[in-house]
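Each remark here refers to the structure printed beneath this line.
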Amino acid sequence: MTAGGRVAAFGALLAAIFALAAIAGSAAGPVTIAGGGDRESHADAGAGSHASPRAAATGAAPDKLRLAAGDTTLTPGRPSRLNFAIFDEHGERLRDFEVEQGRRMHLIVVRRDLRRFQHLHPREVAPGAWTVSLTLPDAGVYQAFADFQTDGERDALGVDLFAAGRFEPLALPAASATASADRYDVALRARGGELDFAVSQDGTPVADLQPYLGADGHLVMLRAGDLAYEHVHPLAGRRLAFDASGAAPGTYRLFLQFRHADRVHTVAFTHEVAR
Ligand SMILES: [Cu+2]
């Protein structure tokens with residue numbers, strides 16, 4: 001079978017799996033496969049965001065892998081199901097995902113104007129078959145990045161998602177060294193290739209951040225225009241300091257996620273990386 005044929009066959013298999021799941025779900029009452037989608041965070045609220053196309057999280061070989069998704073046209077404002085799988089260069093569905101930051105699959109979703117950021121955790125309903133419940137808040141073209149690790153290498157593969165309707169792109173906020181969300185104020189200090197964040201609340205530094213998915217903080221960087229994607233974790237021994245020296249020049253939207261008071265918070269910055 002050709003790779004394309006395998007993908008098509010897989011699509012049919014997925015459809016069958018999800019049809020069965022729907023039947024099982026209705027029969028079993030509240031039990032549904034992958035219901036809820038495990039949303040960790042839904043940031044933005046106009047704070048701004050931006051993303052980039054598809055890129056390796058840490059220099060894996062993304063060209064060898066491919067993401068195939070089911071229906072990618074979703075209804076804005078309504079929970080929808082996104083089904084997808086990753087295929088290798090032989091057209092075989094990838095199954096050997098490694099736990100990365102506590103999960104085997106992360107899905108970052110952002111509208112192409114770098115707004116409406118979400119970090120979700122899809123569920124595996126059959127070997128290598130992933131599903132997530134997803135609500136695209138309003139119309140526009142979005143990009144979803146499947147972020148995972150296999151054979152010791154991290155990868156990020158992107159796919160466009162479409163929400164029909166009147167789309168009003170939002171301008172990227174001006175670059176700033178401060179941003180706020182959920183009553184937290186965050187200051188950014190960029191030095192060399194390092195990005196160092198300090199969180200405070202009502203003027204008092206927050207010293208008791210809680211680990212979130214195995215790290216004190218998670219930084220997703222998305223470049224305006226081409227949505228180049230980077231996902232980094234704090235430097236050893238540093239709380240919210242990240243090595244961003246690998247980022248090529250450009251205007252980025254930075255999404256910093258941290259956990260405090262038992263909740264995950266997302267703060268977004270516009271940041272220029274100079275030549
Ligand atoms: Cu992370």
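Any read-out appearing in this document is the output of simple, stated calculations on the displayed coordinates, not a laboratory observation. No experiment lies behind these values; they were computed from the predicted model shown. Cβ coordinates were reconstructed from backbone atoms using ideal geometry, including for glycine residues, and neighbour counts include every protein chain displayed.
Provide Tyr229, Tyr212 in ascending order of the number of other Cβ atoms located within 10 Å of each residue's Cβ, fewest first.
Details: Tyr229 24, Tyr212 21.
Least to most surrounded, the residues fall as Tyr212, Tyr229.
Sum up the charges of everything whose Cβ sits under 10 Å from the Cβ of Pro234, counting Lys and Arg as +1 and Asp and Glu as -1, but leave Pro234 out.
Working: positive: Arg238, Arg239; negative: Asp196, Asp216, Asp243.
Charge balance near Pro234 sits at -1.
Dipole size of segment 178-273 about its Cα centre, with +1 on Lys/Arg Cβ and -1 on Asp/Glu Cβ: approximately 20 debye, rounded to the nearest 20.
Rounded if a/c is under 1.5, else prolate if a/b beats b/c, else oblate: with a ≥ b ≥ c from the C-alpha gyration tensor eigenvalues square-rooted, which is segment 141-251?
Working: a/c = 1.71, a/b = 1.25, b/c = 1.36.
Oblate is the answer for segment 141-251, as a/c is 1.5 or above yet b/c matches or exceeds a/b.
Given the peptides 221-227, 152-158, 165-171, 179-185, arrange them by the average over their residues of other C-beta atoms within 10 Å, most packed first. Could you put the intermediate results ahead of the total?
On the way: 221-227: 21.0, 152-158: 19.3, 165-171: 11.6, 179-185: 15.1.
In decreasing order of mean packing, 221-227, 152-158, 165-171, 179-185 become 221-227, 152-158, 179-185, 165-171.
Under the simplified labelling scheme, the Asp185-Arg275 pair shows an inter-label distance of 3.6 nm, with each label point 7 Å from Cα along Cα→Cβ. Under the simplified labelling scheme, the Asp226-Asp196 pair shows an inter-label distance of 3.1 nm, with each label point 7 Å from Cα along Cα→Cβ. A prolate overall shape is assigned to segment 101-151, the ratio a/c of its alpha-carbon gyration tensor axes (a ≥ b ≥ c) being 1.5 or greater and a/b exceeding b/c.
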